[in-house]
Every structure is written in structure tokens, then in C-alpha cells.
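Derivation of every value follows stated rules applied to the coordinates shown; laboratory data play no part. No experiment lies behind these values; they were computed from the predicted model shown. No Cβ is skipped: glycine too gets one built from the backbone with ideal geometry, and neighbour counts run over all protein chains shown.
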Amino acid sequence: MKKRSTFGSRFGTIVVVGGSVVGLGNIWRFPYIAGENGGAAFVFIYILISLMISVPIMLSEFAIGRSTKRNALRAFKKLSDGGWWHAVGYLGIATAFVILAFYCVIAGWTMEFIRESVAGSFIGSDSATIKANFDGFVASGWKPVVWAGVFVGLNTLIVMAGVEKGIERYNKILMPLMFLILLGLAINSVTLSGFADGVRFLWNPDFSKISLNVIMEALGQSFFSMSLGMGTMITYGSYINRRENMFRLAGTVAVSDVVVAILAGLAIFPAVFSFGISPTSGPELVFLTLPNIFAQMAGGYFISILFFLLLFSAAITSSVSLMEVVVAYACEEFRISRRMAAMMASATVAVLATLCAVSQMPDSALTVGGLNLFDFFNNVSSDYMLPIGAFMIVIFAGWKMSRQVFANELTNGATVGMRIYTVLRPMIRYVIPLVIAMLFLSGLGLLTL
Ligand code: TRP
């Protein structure tokens with residue numbers, strides 16, 4: 001059998017895992033979900049969940065992946081000697097397709113916005129024009145479909161090139177750049193008239209706004225943003241070097257994820273209040289607010305090109321991690337080439353993404369339970385599929401996987417993080433599964449808290 005890939009260096013590992021984690025989830029999804037759920041109270045819960053619940057889940061996924069060095073499905077089989085646990089792997093693969101379907105549509109939007117930035121369409125436009133322009137783009141149907149197709153194609157090329165040569169190489173360049181530009185935009189917010197309102201919206205929690213629904217949304221958003229609950233971190237974990245300290249890795253990545261989301265919030269909410277856009281605008285929030293800033297800002301022309309280029313890059317480093325789950329599985333289990341596996345996966349994603357894009361046209365009949373297919377996929381993945389997946393993963397790590405293998409894997413054979421491990425173990429066995437289960441059941445109305 002061919003030698004299995006391993007990330008080349010510590011920096012490489014951080015940027016690849018970071019590249020998966022930081023994506024549209026932080027810059028596109030986080031601001032609008034926070035906006036719809038009341039702002040600061042949501043942000044508070046979100047940070048709490050990311051550090052207390054998501055980090056241990058990420059460590060569980062790493063341990064499952066690195067100890068087996070197998071794809072997300074085979075890893076479960078290997079650690080559980082048969083049984084039905086690998087069903088969690090199948091759920092993960094299904095989830096990858098559901099997420100990719102709408103993710104590639106938004107990633108396609110970023111490409112349209114790169115084109116419009118280059119054409120200078122935002123310069124000097126007012127917010128009504130920017131909104132009309134955006135609505136026209138989505139309503140055209142074919143434009144978003146074409147861009148989604150182009151995006152899926154690029155994705156395929158990177159995944160085909162393989163883990164070190166494709167994924168790791170691109171991430172090393174793009175991730176640091178992304179961070180810098182976002183920082184710049186957040187700093188620029190200070191000059192906007194809505195700065196104080198924006199900061200208040202993000203930072204002054206009104207705790208009476210916390211409801212079960214807000215907590216559930218924060219949980220789903222955190223899993224989405226940290227790429228958890230479907231085997232991405234199992235798959236990437238299988239490429240992590242044996243000597244890597246996974247506590248440090250997960251900690252670094254989680255903090256970066258939260259920081260990038262907050263920076264995105266700081267870049268966006270002051271603009272929301274300056275240009276009279278509703279914080280509850282939904283998926284188009286970022287695409288409506290930022291062009292207004294670019295329209296007015298000195299150097300807005302270049303900064304908008306750069307920003308959408310980076311948003312696109314953040315998207316592609318995440319979407320390849322979703323695709324990699326499917327491709328690693330397909331080429332290892334069916335003994336087909338990586339190339340072939342990538343092409344089959346992409347063809348499927350292209351069809352699903354087309355349906356999602358078309359479902360966003362006004363009056364489209366592609367709806368499920370009153371939501372268009374895009375919204376349905378977007379909601380069902382974070383509200384149900386990821387929490388269920390994450391729940392199964394911690395149960396597996398805490399109760400099914402051999403205790404020794406798990407401990408050894410995380411502590412690198414009792415050499416690192418022994419103290420953290422002692423706290424982590426009961427969290428993974430008891431606290432986290434209980435919290436997820438209780439939230440989930442009460443969200444379904446099966447339990448009243
Ligand atoms: N975390 C990525 C983002 O924030 C998206 C993503 C990549 C993802 N892999 C995932 C989401 C696995 C859920 C599960 O954009």
C-alpha cells in the first residue's frame with residue numbers, strides 16, 4: 001500500500017487545520033447568525049461553547065484519526081471491531097455533501113463579487129443600488145450556478161493534487177493574508193458613524209435574550225465553524241505527525257477561529273448600523289454591508305478586490321477539507337485513484353449546488369418544509385447533522401474506543417498535556433454528551449429544561 005500522507009511541518013499543520021476551520025463560517029455565516037440571534041448574548045454563548053465543548057470534540061476527532069491513520073469511515077471500523085459505529089462515518093459523508101452543496105454557492109458569490117470589484121461596480125454606489133444589484137444577481141439563476149460550477153472545478157483540482165502538494169501549499173500562503181486584511185477592515189470600522197452601535201450590538205449582552213434556540217444556534221454555528229461533527233478532523237487528524245502536540249494545535253486553531261469570527265463581526269456590524277442595513281438580513285448580510293464600505297472608503301477599489309479574493313481563498317481552503325473526507329474515503333475503500341474519486345465527488349456536488357442556487361430564485365419550487373433548498377441544507381446541517389455527528393463522536397471517543405489508545409494518542413505516550421487530559425476525559429465522557437443531548441432533546445420539544 002502507498003505510504004499515507006503526513007503534513008510536512010508544524011506550521012503546515014496549523015495552517016491546513018486552520019484553513020479548514022476559518023472559512024465562510026466565520027466571515028459569512030457567523031455575522032448573520034449572530035445578527036438573527038440578537039448579537040452579543042449569542043456571541044457570548046458562542047465563545048463559551050467553542051472553548052468548552054468544541055475543543056474537546058476536536059481533540060476526540062484528532063485522536064480517532066491519528067491513532068488509526070484511516071479515513072473517517074475506516075477509522076471507526078478499525079477502532080470498534082465491526083458493529084455499526086461506521087454508520088457515523090456514513091453520516092459524515094452525507095453531511096459533507098449537504099454542506100458542500102450550499103457552501104459552493106456562497107463561494108461562487110465571492111467570485112462574482114471579485115468580478116464586480118474589478119469592474120468597479122461598487123465605487124460610488126448607494127446602498128439601494130448595491131441591494132438591487134445583489135438581488136438581480138441571485139434572481140438571474142444562471143449566474144450563481146456558473147460561479148458555483150467554477151468553484152467546484154477549482155476545488156477538484158486542489159484535492160486531486162493531494163494533501164501536501166495541493167492543500168498544504170495553498171493554505172500556507174492564503175491563511176496569513178486573510179487574517180491581515182480582516183484586521184485592517186476591523187480597524188477601518190472605527191471611522192464609520194455606526195461604530196459605537198456596532199460594537200454595542202456585539203459586546204453588550206442582554207442576557208434576557210438567551211433562549212434555548214439561541215444556545216442551539218450557537219452550538220451548531222460553533223461546530224460548523226470549527227469543522228466538527230462529520231469527520232473532517234478525523235481525516236485531517238490522520239495526516240497529523242505523531243510528534244505534534246494536539247492540545248496546542250486544537251487550542252491555537254480554536255482561538256484563531258473565534259478571533260476571526262469576532263474580527264468579521266467588527267468589520268460588519270458598524271457598517272450595518274452606518275448604512276441602515278438590517279442585522280437580520282440573513283445569508284446576504286456580508287454581501288450587502290461590505291460593498292457599502294468599499295464604495296466610500298479611500299482605496300476601496302483595491303481593498304474590495306483583495307477582500308473578496310481572500311474570502312474566496314478562505315472558502316476554498318475549507319471546502320477542500322469537506323471534499324477530502326469524501327475523497328479519502330472513496331479512494332481508500334474502492335481502490336480507485338484519487339483523481340477518479342475527486343471527479344466523482346465533484347460531479348455530485350455540482351448537481352446539488354446547482355439545485356441550491358436555483359432554489360434561491362424568487363418563486364422557486366425547490367423547497368422543503370417551506371424553506372428553499374439552500375436554506376434547508378444550510379439549517380439542517382448545523383441544526384441536526386453536525387450535533388448528532390459530534391454527539392456520536394464524543395460517545396465513541398469516551399466510551400467505545402480503548403481508554404489506553406485514546407490517552408496515549410492525546411498525550412503522545414504520556415509526554416504532553418497530562419493535566420489537561422485528566423480534566424478532558426470526564427468532559428468527553430459525561431459533560432459534553434449530556435449537554436448536547438439535553439439541548440438537542442429540548443430543542444425538539446422532547447424535554448423541558
Ligand atoms: N469550518 C468551515 C468554515 O467555517 C467549513 C467547514 C469545513 C466545515 N469543513 C467542515 C463545516 C466540516 C462543518 C464540518 O467555513
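Side notes on the structure shown:
- Helical mean residue ellipticity (222 nm; -39500 (n - 2.57) per DSSP H run of 4+; nearest 500) of the chain: -22500 deg cm²/dmol
- Dipole axis of the chain (+1 Lys, Arg; -1 Asp, Glu on Cβ), positive-most option in Gly38, Gly184, Ser346: Ser346
- Counting 0.36 nm for each residue step from Ser80 to Ile47 and taking away their Cα separation leaves a gain of 8.6 nm.
- The ellipsoid that matches the Cα gyration tensor of region 58-172 has semi-axes, each √(5λ) in whole angstrom, of 40, 17, 12, with the longest given first.
- Violating pairs (Cα-Cα greater than 31 angstrom) within the set Lys78/Lys165; Lys69/Lys143; Lys69/Lys172; Lys131/Lys172: Lys69/Lys143; Lys131/Lys172
- Förster radius 25 Å - calculated FRET efficiency between Asn133 and Val368, Cβ distance, rounded to 0.05: 0.30
- Amide hydrogen neighbours beyond the local backbone of Val368, cut-off 5 Å, H modeled: Leu373
- In Hz, Karplus ³J(HN,Hα) per residue of region 170-175 (6.51, -1.76, 1.60; θ = phi - 60°; x = Gly, Pro): 5, 4, 4, 7, 7, 4
- Cβ-based net charge around Ala328, under 12 Å, with every Lys or Arg adding one and every Asp or Glu removing one: +2
- The alpha carbon radius of gyration of the chain, expressed as a multiple of 2.2 N^0.38 Å, is 0.94.
- Calculated SAXS-style log₁₀ I(q)/I(0) at q = 0.22, 0.25, 0.35 Å⁻¹ - region 286-325, Debye, Cα scatterers: -0.69, -0.78, -1.08
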